[in-house]
Amino acid sequence: MKKLLVIVAVLAISASSFAQVKFGVKAGTNIASITGDDGEGLDSRTSFVFGGFAKFELSEKFAFQPELLYSMQGAAGSESYEGVNVDVTMKTDYLNIPLMAKYYVTEGFSLQAGPQVGFLLSAKFKMEANGQEEEEDIKDQMKGVDFGLNFGAGYELDFGLGFDVRYNLGLTNVADYDEADGKNGVFQITASYAF
């Protein structure tokens, strides 16, 4: 983690020496799922994402935007056991650091891509059946670090308001056991404001 923070700091300092810098906040909705065998039978979980960013405008066409986001992810589903309907929810919360490159196709409209590292903050598995609810902490059954790639597009208005649509393709098996096959997949819609 220290190496990653040093790399981000060096990139930010280097970029700031020849770029205009804007800071901002963003918030929105995650539609998260688990792909692979471990996610079979589970649907998406809708939750929230929020945080801040720094945008380094390198030219009229290019910008570099590191972000720090609190992201609620996981999956949800419903199954029937012996005639009893059981709702399950896997809730995972991450501190994500996307490092986004932005290419402006036209004024205000950008295509975006970049890597992301996520640090697991909490993980819980909840079951509900017949009005009864049970929740278990599963953080020690999950990997603490998740790597992914982001792809998306955005539009920014002159006065600082912006909108992004992004997909995070998880590259890491998030469960910490042999033969794990479950990766995060998150579709994200956010609104932002740059100062």
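When Ser122, Ser59, Ser47, Ser78 are screened for being within 21 Å of Val25 (Cα to Cα) and of a type in the set (S, T, N, Q), only Ser47 passes.
Taking the stretch 122-138 on its own, how many of its residues are of a type in the set (Lys, Arg) and modelled with pLDDT of 95 or more?
Summing the residues that are of a type in the set (Lys, Arg) and modelled with pLDDT of 95 or more in the stretch 122-138 gives 1.
Annotation: Phe119 fulfils all but one of (1) over 17 Å from Gln188 (Cβ atoms); (2) open to solvent by 60 Å² or more (accessible area, probe 1.4 Å); (3) modelled with pLDDT of 95 or more; (4) touching a strand residue (DSSP E or B) at 6+ places or on another chain (Cβ under 7 Å); the unmet one is (2).
One residue stands out among those in the stretch 144-159 that are modelled with pLDDT of 95 or more and either in contact with a helix residue (DSSP H, G or I) (Cβ under 6 Å, 6 or more places away or on another chain) or of a type in the set (D, E, K, R) (or both): the one that is nearest to Ser71 (Cα to Cα), which is Asp146. Among all positions in the stretch 84-104, there is at least one residue which is basic (Lys, Arg) and in contact with a Phe, Trp or Tyr (Cβ under 9 Å, 6 or more places away or on another chain). Return yes when Lys61 is among the basic types (Lys, Arg), open to solvent by less than 60 Å² (accessible area, probe 1.4 Å) and over 18 Å from Gly39 (Cα atoms) and no when it is not. Taking the combined requirement at face value, the residue does not satisfy it. The criterion of at least 1 residues that are out of contact with any helix residue (DSSP H, G or I) (no Cβ under 9 Å at 6 or more places or on another chain) and free of Cβ contacts under 8 Å to residues at least 24 places away in the same chain is met by the following strands (runs of 3 or more DSSP E) wholly inside the stretch 36-142: 45-57, 62-81, 84-106, 132-137.
Residues to consider are Ala75, Ala63, Ala175, Ala101; find the one that is hydrophobic (A, V, I, L, M, F, W, C), under 22 Å from Arg45 (Cα atoms) and over 15 Å from the mean Cα position of the chain (by Cα).
From the options Ala75, Ala63, Ala175, Ala101, the qualifying one is Ala175.
Of all residues in the stretch 163-180, those satisfying the criterion of being open to solvent by less than 80 Å² (accessible area, probe 1.4 Å) and without any contact (Cβ under 8 Å) to a residue 40 or more places away in the chain are Val165, Leu169, Thr172. Going by the conditions given, is Lys102 of a type in the set (D, E, K, R) and closer than 30 Å to Ser78 by Cα? No, not satisfied.
The values are calculated or read from the model by the stated rules, or taken from the named source; none is laboratory data. All of these numbers come straight from a predicted model, not from anything done at the bench. Don't worry about glycine lacking a Cβ; one is built from the backbone with ideal geometry, like all the others, and counts go over all protein chains shown. Each accessible area value is taken on the protein alone, full model and side chains, heavy atoms only, with ligands, DNA and RNA left out. Shrake-Rupley method; radii C 1.70, N 1.55, O 1.52, S 1.80 Å.
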